[in-house]
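Right, one structure below, let's go through it.
Nothing in this text is a laboratory measurement; each read-out follows from the coordinates by a stated rule. Worth saying up front: this structure is predicted, and the values here are computed from it rather than measured. Backbone-built Cβ (ideal geometry, glycine too); neighbour counts: all protein chains shown.
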Amino acid sequence: MARLVGGVGCSHVPAVGAAIDKGKTGDPYWAPYFAKLEPARAWMAEARPDVCIVVYNDHANAFSLEVIPTFALGLADEFPPADEGYGPRPVPVVRGHPELAWHLAEALIMDEFDLTLVNEMAVDHGLTVPLSVMFGEPDAWPSRVIPLCVNVVQYPPPTGNRCYRLGQAIRRAVDAFEGDERVVVFGTGGMSHQLQGGRAGFINVDFDTRFLDGLVADPEAIAGIPHVEYLREAGSEGIELVMWLVMRGALGPEVREVYRATHVPTSNTHNGLLVLEGA
Ligand code: DHB
Ligand code: FE
């Protein structure tokens, strides 16, 4: 049986990727943030996942506004880093796990989650930055990756509750996979941030703290947060936090909080990093 060994919640701020790629992690602006990553990276080195299921959103790079899948699962052997306007990030190609991905496709669709299946896809900062945060700068990513995209760019995104239930279904599917893979699930994006309009730069540390506390201890309540509350309390891009609920759903009812770090500012975002294990 494949085994779910933990979950990671992680912001995916593109400037964090640029700081790594340009060798600026020791700069005064960045050093305090990067220092906070070390315990999470140490946990990851011990967790040694064979596969990471990375729940993230594409930011109109792989998908344009012509086609907007609510949930899209990546089944390919590999996923190249996307060119987001400055050339692709100089990070390794992301290697997939088609066998587990096709198992997830079948199990989740039979479980009544209607996924879009994707055989070819470039992956943007939403996926590559969390890999850099957790794995640093290896020559090759030490884990296979199954990308699971969630639409949080074009209204209407899925509800938090739907994301939480999807996570529970992912757990059932992983538990049923005949293999000995160690699996980590990432929920990425967030926390509070707004990139546009009159409230650009909006950050709400109180909301984010309540979100993290609730995500750990009372995820059913957090799953009930309506879209309008994310918009009001966490800014227009705070809705990315629903993807953390997929990760939380996969871990089961009780969890142990292994590590939490938050940092403000990184670019426009209150940056969050959370490591959980099933209790
Ligand atoms: C920023 C954060 C994001 O989640 C994103 O997708 C793009 C930019 C930011 O804080 O700059
Ligand atoms: Fe984003």
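Here are the numbers:
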{"quantity": "Cut-off 11 Å between beta-carbons: net charge of the residues surrounding Ile222, Lys and Arg +1, Asp and Glu -1", "calculated": "-2"}
{"quantity": "Selection from Gly26, Phe186, Gly9, by position along the positive dipole direction of the chain (Cβ)", "calculated": "Gly26"}
{"quantity": "Approximate spin-label separation Asn119-Ala261, in nm, with each point projected 7 Å along Cα-to-Cβ", "calculated": "4.1"}
{"quantity": "Amide H contacts of Ile146 (H built 1.01 Å from N, under 5 Å, at least 5 apart or other chain)", "calculated": "Cys52, Ile53, Val54"}
{"quantity": "Cβ-defined net charge surrounding Ala169, 14 Å radius [Lys, Arg +1; Asp, Glu -1]", "calculated": "0"}
{"quantity": "For His270, distant residues with modelled amide H under 5 Å away", "calculated": "Met191, Ser192"}
{"quantity": "Debye intensity ratio I(q)/I(0), log10, the range 1-110, q values 0.15, 0.18 Å⁻¹ (C-alpha model)", "calculated": "-0.90, -1.24"}
{"quantity": "In sequence order, calculated HN-Hα J values of the range 193-200 (Karplus, 6.51, -1.76, 1.60; Hz; x Gly/Pro)", "calculated": "6, 9, 9, 8, x, x, 9, 3"}
{"quantity": "Range in the chain, longest, excluding exposed GluC sites (Glu not before Pro) [loop by DSSP; at most 12 other beta-carbon atoms within 10 Å]", "calculated": "179-253"}
